[in-house]
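Worksheet: one structure, shown below.
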Amino acid sequence: MTDKMNFYGKKKIPFFFLIDFEMQKPEVWTLDEMKKSGICFDFNGIKNDFELLDFPSHPFSFQKYPIPYDRYLNSFQEVQKSLAMGESYLVNLTFKTLIETSLSLKEIFYRSRAKYKLFYPGRFLVFSPETFVRIEKETIFTYPMKGTIDASLPDAYQIIINDPKEKAEHVTIVDLLRNDLAKVSGNVSVVRFRYIEKIKTHEKEILQVSSEIKGTLRPGYHERIGSLIYDLLPAGSVSGAPKQKTLEIIRGTEEDERGFYTGIAGFFDGNNLESAVLIRFIEENNKKLFFRSGGGITLDSDPEKEYQELKDKVYVPIA
Amino acid sequence: MPWAYIDQTGKIKIDAYFKEAGKHSEGIAKIKMNGKWGFIDRLGGMLLQPKYDDAGNFNHGLAPVALNGKWGFINIEGETIIPFDYDYAWDFQEELAAVSIDRKWGFINPEGKTVFKPQLDFVWSMSENKIIASLKNVWYCFGRNGKIIYKPNFDFVGSFHDGMAKVNIGGKRIGHRLIQGGKWGFIDRTGKIIVRPQYDFVWNFSEKTAGVYQKENDSWIFIDPNGQTVLSVKAESLKPFNEGLAPAEINGKWGYINSSGKMQIETLFLDAGDFSEGLAPVRVEDKKNDG
């Protein structure tokens with residue numbers, strides 16, 4: 001797969017790619033190949049030529065059936081044991097939530113608002129706010145996100161920005177991603193630290209904390225673009241730190257294989273690259289829909305709060 | 001209008017996505033979604049997916065549920081423990097559950113064994129070791145052994161709470177469970193009238209008080225087990241105290257008052273249920289899901 005990506009990169013042939021979290025089932029398409037697959041993507045306005053459909057903004061139903069708290073708590077405690085033994089200091093723990101909605105996944109693709117939207121018919125739908133990496137000319141950027149809060153809370157901005165635990169987690173992730181970028185680029189620097197964006201959901205508005213990091217790539221990087229991407233995987237924000245040991249903990253604790261959830265998708269247009277972390281992810285399985293969500297666990301984490309966050313992330317961004 | 005759950009500070013603990021919502025008992029509450037009943041935990045996690053036509057509460061690890069017109073009892077894994085043999089079934093209370101077959105009521109124990117054969121016209125759940133029941137329009141008070149203790153001579157009798165049972169005189173019975181008009185008072189365990197029937201509506205005693213209503217002067221008060229007024233409240237409607245808080249309706253919205261009558265949780269809700277295990281179901285405005 002790396003070879004195919006490197007080949008397209010070298011020839012400057014535009015291609016789209018999907019890499020699952022376990023890095024076992026990657027897929028790569030040229031734009032022509034994509035037409036047959038029915039896949040639609042819209043990354044910050046960069047789209048393949050899918051049919052433009054008009055879905056009227058009818059009211060819709062959306063119901064979630066979160067997993068029992070005890071089941072969450074069991075896994076949480078497993079993770080905490082590993083953290084206490086010093087095997088990891090941040091673990092991203094995720095679960096599936098059964099949902100029922102009058103919306104089809106296709107309709108959510110057309111009606112939702114998100115930076116990165118991707119619809120894979122019969123498989124999944126993603127409306128991710130999170131960039132994996134962006135490459136413009138020879139600069140590589142990444143924007144780690146960590147920390148959300150209900151925007152309607154009084155002083156929401158102050159609370160999230162001053163919360164020492166949120167800050168510590170964010171620093172961990174920024175550090176991890178800075179190290180990741182340093183594997184493939186030079187002059188790595190944090191351009192913006194902990195800036196806040198507002199995200200609108202069908203239930204409420206939430207504030208999201210992000211940072212911006214950049215690095216400089218060597219000229220001709222696109223000839224080994226596949227290798228470069230693989231060197232950065234899996235994405236730090238959805239695994240934890242240190243990466244390898246944390247991945248073992250995730251494999252040992254989570255109930256399901258992640259598959260494309262928390263994997264990445266990207267589009268190389270022949271010059272630049274835009275890619276996303278596949279979170280805010282609805283999976284179709286035996287005609288049932290599962291929303292996958294999670295959060296970063298540290299030794300200081302409060303299980304009830306983390307569980308609440310897991311449930312809060314189950315939404316569709318249709319205002 | 002969906003139901004959510006709040007804690008004692010009034011903060012929403014479980015988001016509003018239930019058509020109906022019951023109180024928590026043994027950490028579990030029944031909820032209705034898409035026309036079916038299921039069960040959630042104290043943080044809103046789904047313990048049993050909504051699939052039941054009707055449901056009661058968990059007690060002694062068992063909850064009555066209805067499927068296809070018949071009631072049985074399930075455990076928290078959703079396994080059938082007592083088969084779906086009953087036309088109606090109520091929650092277990094004090095180790096007995098009232099069940100009905102062919103319009104007659106009796107009691108079973110948690111093993112599913114019939115303790116009192118269904119032969120009564122109507123029963124309340126076992127409460128404070130006594131069963132209040134009616135047969136051919138006569139009320140009875142039975143002990144746990146099934147012996148008649150006495151026959152309360154009223155038009156309607158409730159079950160015992162804090163040693164008191166509500167009674168009605170002069171009301172017209174509509175079916176077995178409902179009564180219209182008349183005046184309400186309270187009797188004690190021996191059947192003696194403690195509060196003379198004088199109220200137009202009364203709640204059962206809870207936390208040593210009962211909310212009572214008089215139409216004449218449109219007033220709600222809480223009385224103690226001696227019939228003395230302990231609190232007079234300016235509200236359109238009230239519900240009993242549970243865990244120190246009582247739902248109160250003021251200007252069409254529900255909040256909660258504390259035992260001194262002060263508003264502790266603002267009147268923000270369209271309806272409000274009892275607190276139990278630190279949580280109370282409240283009905284909130286529908287969220288708009290249209291674009």
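The values are calculated or read from the model by the stated rules, or taken from the named source; none is laboratory data. These figures come from a predicted structure and were not determined experimentally. Using ideal geometry, Cβ is built from the backbone for each residue, glycine included, and neighbour counts are taken over all protein chains shown.
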By residue number, the members of segment A:259-275 that are touching a Pro at 6+ places or on another chain (Cβ under 9 Å) and closer than 18 Å to A:GLU130 by Cα are A:THR262, A:GLY263, A:ILE264, A:PHE267, A:PHE268
Identify all residues within segment A:59-93 that are more than 14 Å from chain B (Cβ to nearest Cβ), outside any helix (DSSP H, G or I) and surrounded by 15 or more Cβ atoms within 10 Å (Cβ to Cβ); write none if there are none. A:GLU87, A:SER88, A:TYR89, A:LEU90, A:VAL91, A:ASN92, A:LEU93
Given the conditions (1) without any contact (Cβ under 8 Å) to a residue 40 or more places away in the chain; (2) within 18 Å of the chain's Cα centre (by Cα), every one holds for B:TYR5 apart from (1)
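If I filter segment A:4-14 for residues that are hydroxyl-bearing (Ser, Thr, Tyr), in contact with a Phe, Trp or Tyr (Cβ under 7 Å, 6 or more places away or on another chain), more than 14 Å from chain B (Cβ to nearest Cβ) and in contact (Cβ under 8 Å) with a residue 60 or more places away in the chain, do I get at least one hit? Spell out how you get there, then give the answer.
Just the residues of segment A:4-14 that are hydroxyl-bearing (Ser, Thr, Tyr), to begin with: A:8.
This time we only want the ones that are in contact with a Phe, Trp or Tyr (Cβ under 7 Å, 6 or more places away or on another chain), so: A:8.
After this cut, where a residue has to be more than 14 Å from chain B (Cβ to nearest Cβ) as well, the list is A:8.
From what is left, the residues that are in contact (Cβ under 8 Å) with a residue 60 or more places away in the chain are A:8.
Taking every residue of segment A:4-14 in turn, at least one turns out to be hydroxyl-bearing (Ser, Thr, Tyr), in contact with a Phe, Trp or Tyr (Cβ under 7 Å, 6 or more places away or on another chain), more than 14 Å from chain B (Cβ to nearest Cβ) and in contact (Cβ under 8 Å) with a residue 60 or more places away in the chain.
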Consider B:LEU279 carefully, then state whether it is buried (at least 16 other Cβ atoms within 10 Å of the Cβ), within 14 Å of another protein chain (Cβ to nearest Cβ) and modelled with pLDDT of 95 or more. yes
Tally the residues that are assigned to a loop (DSSP other than H, G, I, E, B) and in contact with a helix residue (DSSP H, G or I) (Cβ under 8 Å, 6 or more places away or on another chain), restricting the search to segment A:117-134. 2
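Within segment A:94-104, track down each residue that is within 14 Å of another protein chain (Cβ to nearest Cβ) and in a strand (DSSP E or B).
Matches in segment A:94-104: A:PHE95, A:LYS96, A:THR97, A:LEU98, A:ILE99, A:GLU100, A:THR101.
Based on this model, can you work out whether B:PRO197 counts as touching a Phe, Trp or Tyr at 6+ places or on another chain (Cβ under 6 Å), not in a loop (DSSP other than H, G, I, E, B) and not hydrophobic (A, V, I, L, M, F, W, C)?
Judged against the criteria, B:PRO197 is a match.
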Just one listed residue, out of B:ASN129, B:ASN137, B:ASN168, is over 21 Å from B:ALA66 (Cβ atoms) and modelled with pLDDT under 95, and it is B:ASN137
From the option list B:GLY261, B:GLY191, B:GLY255, single residue qualifying as touching a Cys at 6+ places or on another chain (Cβ under 8 Å) and away from chain A (no Cβ under 14 Å) is B:GLY191
Residue, farthest from the other protein chains (Cβ to nearest Cβ), within segment B:46-56, restricted to residues that are surrounded by 16 or more Cβ atoms within 10 Å (Cβ to Cβ) and part of a strand (DSSP E or B): B:ASP54
Do we have B:ASN34 as polar (S, T, N, Q) and more than 14 Å from every other protein chain (Cβ to nearest Cβ) here? no
Taking segment B:9-26, which residues are touching a residue at least 60 places away in the same chain (Cβ under 8 Å) and in a loop (DSSP other than H, G, I, E, B)? B:THR9, B:GLY10, B:GLY22, B:LYS23, B:HIS24
Mind telling me which of the residues B:ILE221, B:ILE179, B:ILE149 ends up being surrounded by fewer than 20 Cβ atoms within 10 Å (Cβ to Cβ), in contact (Cβ under 8 Å) with a residue 12 or more places away in the chain and touching an Asp or Glu at 6+ places or on another chain (Cβ under 8 Å)? B:ILE179
Failed condition for B:LEU43, given (1) part of a strand (DSSP E or B); (2) within 13 Å of chain A (Cβ to nearest Cβ), with all others met? (1)
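Kindly establish whether B:GLU95 is within 29 Å of B:TRP203 (Cβ to Cβ) and in contact (Cβ under 8 Å) with a residue 40 or more places away in the chain.
Values: within 29 Å of B:TRP203 (Cβ to Cβ): yes; in contact (Cβ under 8 Å) with a residue 40 or more places away in the chain: no.
In short, no.
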Selection count where residues are among the polar types (S, T, N, Q), out of contact with any helix residue (DSSP H, G or I) (no Cβ under 8 Å at 6 or more places or on another chain) and outside any helix (DSSP H, G or I), scope segment A:7-58: 2
Of the residues in segment B:229-240, those that are within 8 Å of B:GLY211 (Cβ to Cβ) and touching a Ser or Thr at 6+ places or on another chain (Cβ under 7 Å) come to B:PRO240
Take A:SER104 and decide whether it is free of Cβ contacts under 8 Å to residues at least 24 places away in the same chain, farther than 22 Å from A:LEU233 by Cα and polar (S, T, N, Q). yes
Scan segment A:204-222 for residues that are within 14 Å of another protein chain (Cβ to nearest Cβ) and buried (at least 19 other Cβ atoms within 10 Å of the Cβ) and report the count. 1
Anything in segment B:182-191 that is touching an Asp or Glu at 6+ places or on another chain (Cβ under 8 Å) and part of a strand (DSSP E or B)? List them, or say none. B:LYS183, B:TRP184
Tell me the residue from A:VAL184, A:VAL133 that is within 18 Å of A:THR216 (Cβ to Cβ) and over 18 Å from the mean Cα position of the chain (by Cα), please. A:VAL184
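On the basis of being over 29 Å from B:VAL123 (Cα atoms), in contact with a Phe, Trp or Tyr (Cβ under 9 Å, 6 or more places away or on another chain) and surrounded by fewer than 17 Cβ atoms within 10 Å (Cβ to Cβ), does B:LYS234 make the cut?
Working: over 29 Å from B:VAL123 (Cα atoms): yes; in contact with a Phe, Trp or Tyr (Cβ under 9 Å, 6 or more places away or on another chain): yes; surrounded by fewer than 17 Cβ atoms within 10 Å (Cβ to Cβ): yes.
Answer is yes for this residue.
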Can you tell me which residues in segment B:82-100 are assigned to a strand (DSSP E or B) and either of a type in the set (S, T, N, Q) or surrounded by fewer than 16 Cβ atoms within 10 Å (Cβ to Cβ) (or both)? B:PRO83, B:ASP85, B:GLN93, B:SER100
Any chance segment A:24-41 includes a residue that's buried (at least 19 other Cβ atoms within 10 Å of the Cβ) and either charged (D, E, K, R) or within 14 Å of another protein chain (Cβ to nearest Cβ) (or both)? no
